[in-house]
1. First select every other residue whose beta carbon is under 15 angstrom from the beta carbon of Ser115; then total the charges, Lys and Arg +1, Asp and Glu -1.
2. In whole Å, largest first, what are the principal axis extents of the Cα atoms in segment 82-137?
3. Subtracting the Cα-Cα distance from 0.36 nm times the residue separation, let me have the gained length for Lys46 to Glu294 in nm, one decimal.
4. Search the structure for amide H atoms under 5 Å from the amide H of Leu167, placed 1.01 Å from N in the peptide plane, and list their residues when 5 or more places away or on another chain.
5. Within the accessible area of segment 75-177, what % is carbon and sulfur when the probe is 1.4 Å and the other protein chains stay in place?
6. Cβ under 11 Å from Ser137's Cβ, Ser137 left aside: what net charge do those residues give with Lys, Arg +1 and Asp, Glu -1?
7. How large are Rg and Dmax for segment 75-209 when calculated on the C-alpha trace, in angstrom?
8. Among the lysines in segment 142-197, how many pairs, 8 or more places apart or on different chains, have alpha carbons under 25 Å apart?
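The values are calculated or read from the model by the stated rules, or taken from the named source; none is laboratory data. Not measured: the values here are computed from a predicted model. Positions of Cβ are backbone-derived with ideal geometry, glycine not excepted, and every protein chain shown enters the neighbour counts. These accessible areas exclude ligands, DNA and RNA; they are computed on the full protein's heavy atoms, side chains included. Shrake-Rupley method; radii C 1.70, N 1.55, O 1.52, S 1.80 Å.
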Amino acid sequence: MHEIVFRKKKYLQLPAAISRLDKDTKIAKKLSFHFCTNSKFIINSKDWPDLEYIEIIGCRYFEFSLDFSIPSKMRQINFVNTEYVDIMDIIGEFPEFYSWKFENSKFIKFKGQFSGENHLNTLYFSNVERSELFNSSTDLPFLKNLLFLDGCNFFKVNLTSLKAPKLERIWFKKSNYLNIISLGTVEGQLKSFKFEKCAYPKLNVDFSRLSRLIPDQKETQSELLDFKDNKAHFRSVKQVDPIKTHSDSQPVDSLEKDFYNSVQSEEDTLDSAKKFLKSDIEAKFKYCPTCGTENPKDATFCSSCGTKFRKV
């Protein structure tokens, strides 16, 4: 597979930097960015007509856009260990782009618009903190699954601007201090809604209506296989704590360790929030008499089935 890799670039601007490359971008199947900072990536059909995979690892402070005037061959995009990312406009036809995965990252904001024929089926967030979705009008006619798994803490979910007539599954798992502002128009069309082991959520949801829409776990897990089938096209990356990164972590074997030395200092508020979160999770729990789900000891209702606890 023909791949073009940008490593440790600062202030990288695409497509402006294309003219300085000695490689033919028109035949590239994969585009990778490793440890680039303060950058702006606008990927277009003129320069990348055959592009199928995009891999972004360890990048910080960047904007990301897609602009395809001809049908794109894009299949998957993988964001890992990224920070302070603005997803801008996604424009064009993407008939084979079915799943988009973000993992071990923080401060990802969907700021731009999605327009055109976009066949995105699954948006998958894993261990992604302090992020927010759909600040602008977003049209995803084929979106079926919206997944927030394993550490999507302090996440802000507002689906008011989302147009997704086929969205039927939303799954929150092991993610704490969620701020679910609104499910927008999709609340009435959901076929399955799972809220599992999530401490201290802020909900603006008719939970009594959604509590019965518990999906079969095997069915939900099968939706993730599409991404796993193409996992071989992406580099293996070790899990890194998105709040505090250690200097001995090496997410990509072929890349330098010293990148993570530059991200040691994080906001004091995030550090204290992490400690506070850890102490809360380690506190005593109580179990729902209806479904047996583990809940914080001072919870007033079950985070899985919505059963109201009696005061003792």
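1. Every neighbour counted, the sum reads -3.
2. On the principal axes, segment 82-137 reaches 29, 20, 14 Å in Cα extent.
3. Gain on stretching Lys46 to Glu294: 84.0 nm.
4. So Leu167 has HN proximity to no qualifying residue.
5. Whole-percent figure for carbon plus sulfur exposure: 44.
6. Taking every Cβ under 11 Å from that of Ser137, the sum is -1.
7. 13.8, 40
8. Pairs that pass both the separation and distance tests number 25.
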